[in-house]
């Protein structure tokens, strides 16, 4: 009896489901028209999302990728990446490898503008040009002048073109002052890269590799104790002697890495180094134990704003310093 009642209830349940399904089929017309699609605006840089019109969600000094490598005597390559421009409101994005050739003038090359320091020093051989901001071109007989070159990332917001340019200038926040980079017209969005390369008219860009991006430590890959990397050689002085470092660190760097070689001449003794104006905390570079003994040390030290340090030795010893690299500080 119980089994029979259960079967009757099951049949009634199946009939109820069938009736409900039939009602749904009848309610839906067989030839219902598809829902009309909403009109879509044409894809733009803003609607695609690959170039956000606002960078409110990015840090003010955001930079990702865009590392710079030396690839030849006269060329550097900027890798893919993005950076917030100097205003903090727009994004510069380089989507493929970009080659910078210092032999060219303009985007993808150099701006050929001498710095206020070049003008004040009356840099020898620089091309006189009254139309340039400082009255000089950073060229000597048509070739780029030797010295430190910074990289400025660029974007033309009208054409949507992103690029970069080499400059000797320390600033890219404006384009109307003697110390500003001069990109071609239209590139109103700019950002200095946190690195610089030294260029020699005879040998080209100095080989270096940088790590710790975007506040990198840059190491000269062919340094060692070669004469061309000598900061000072065979110095013997009981008094603090000022040593200049502008050939081995750009103006925007504050930390220099050096190799010291301390040699005993007549006797043993030590060599010391300090940041100028500092009265305590001198760095011991090494202590020779006697005549002919040689001690070496690779060390880092902060410099002052003129890229100088001070060195002294005990009587009877000498010291030589060789450049190894420098550390950048992203302060612009």
Open item on the list: Given axes a ≥ b ≥ c from the Cα gyration tensor, I'd like to know whether the stretch 114-175 is rounded (a/c under 1.5), prolate (a/b larger than b/c) or oblate.
Closed with: prolate
- [ ] Could you tell me whether the stretch 140-244 comes out rounded, prolate or oblate from its Cα gyration tensor? Rule is a ≥ b ≥ c as square roots of the eigenvalues, rounded for a/c under 1.5, then prolate if a/b exceeds b/c, otherwise oblate.
- [x] prolate
Open item on the list: Which of rounded, prolate or oblate describes the stretch 47-206 when judged by the alpha-carbon gyration tensor and an a/c cut-off of 1.5?
Closed with: prolate
Task: Geometric extent, Cα atoms of the stretch 227-328 - Rg, Dmax (angstrom) - done: 12.9, 40
TODO: Would you mind pulling out the separation of the Cα centroids of the stretch 282-302 and the stretch 209-228, in Å?
DONE: 21
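Here, each number is a calculation from the coordinates, and none is a lab measurement. The structure displayed is predicted, hence computed values, not measured ones.
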